[in-house]
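First the structure, in the form of structure tokens, and then the observations on it.
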Amino acid sequence: MSIDPGVLKRLLNLKIIIEGNTSWAFRELVDYVLEILEERLPILLNEAVEPYGLEASILNKKGCDVFPNEKQCENIVVAGVYEKEAEEPLVYAGYLVTRGENLLEFKLIKIIDALTREPI
């Protein structure tokens with residue numbers, strides 16, 4: 001890999017926590033934040049890694065396919081990080097989305113090597 005794993009972790013780190021009451025207005029806010037996050041996450045990740053000659057994208061892979069040993073793997077969004085114009089990712093990043101009646105939490109939980117599936 002052409003980038004230090006510590007730098008990569010820092011670049012891909014993202015954590016959002018929103019906690020409030022259980023009103024319809026708060027649930028609507030959570031829906032809005034999730035909608036914006038879904039739209040902007042690929043851009044945010046790609047912008048972070050691009051200066052290092054890498055690209056990032058959100059994958060259609062299921063969280064349990066890539067991170068089968070993680071609790072709540074069905075709620076993991078999977079991102080791939082690639083060398084420019086490569087077809088296979090270097091690493092997978094997993095972001096856990098926890099949504100409750102009055103809570104939204106989105107956070108990076110793990111980055112693994114795409115070939116060995118070992119944490120970095």
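Do you know which residues across the stretch 98-120 are assigned to a loop (DSSP other than H, G, I, E, B), within 17 Å of V66 (Cβ to Cβ) and either out of contact with any Lys or Arg (no Cβ under 9 Å at 6 or more places or on another chain) or open to solvent by less than 40 Å² (accessible area, probe 1.4 Å) (or both)?
Taking the stretch 98-120 as the starting set, the residues that turn out to be assigned to a loop (DSSP other than H, G, I, E, B) are 100-102, 114-118, 120.
After this cut, where a residue has to be within 17 Å of V66 (Cβ to Cβ) as well, the list is 114-118, 120.
Hits for the stretch 98-120 are A114, L115, T116, R117, E118.
Which helices (runs of 4 or more DSSP H) does the stretch 1-93 wholly contain that include 3 or more residues that are surrounded by fewer than 16 Cβ atoms within 10 Å (Cβ to Cβ), without any contact (Cβ under 8 Å) to a residue 24 or more places away in the chain and not hydroxyl-bearing (S, T, Y)? First the steps, then the outcome.
Values: elements: 5-12, 24-49, 63-66.
Result: 24-49.
Does L44 qualify as being modelled with pLDDT of 95 or more, out of contact with any Cys (no Cβ under 6 Å at 6 or more places or on another chain) and within 22 Å of E19 (Cα to Cα)?
On the way: modelled with pLDDT of 95 or more: yes; out of contact with any Cys (no Cβ under 6 Å at 6 or more places or on another chain): yes; within 22 Å of E19 (Cα to Cα): no.
Against the criterion (modelled with pLDDT of 95 or more, out of contact with any Cys (no Cβ under 6 Å at 6 or more places or on another chain) and within 22 Å of E19 (Cα to Cα)), L44 does not qualify.
The values are calculated or read from the model by the stated rules, or taken from the named source; none is laboratory data. As the structure is a computational prediction, the values presented were derived from the model and not from experiment. Using ideal geometry, Cβ is built from the backbone for each residue, glycine included, and neighbour counts are taken over all protein chains shown. Note: accessible area is taken over every heavy atom of the protein model, side chains too, but ligands, DNA and RNA are not part of it. Shrake-Rupley method; radii C 1.70, N 1.55, O 1.52, S 1.80 Å.
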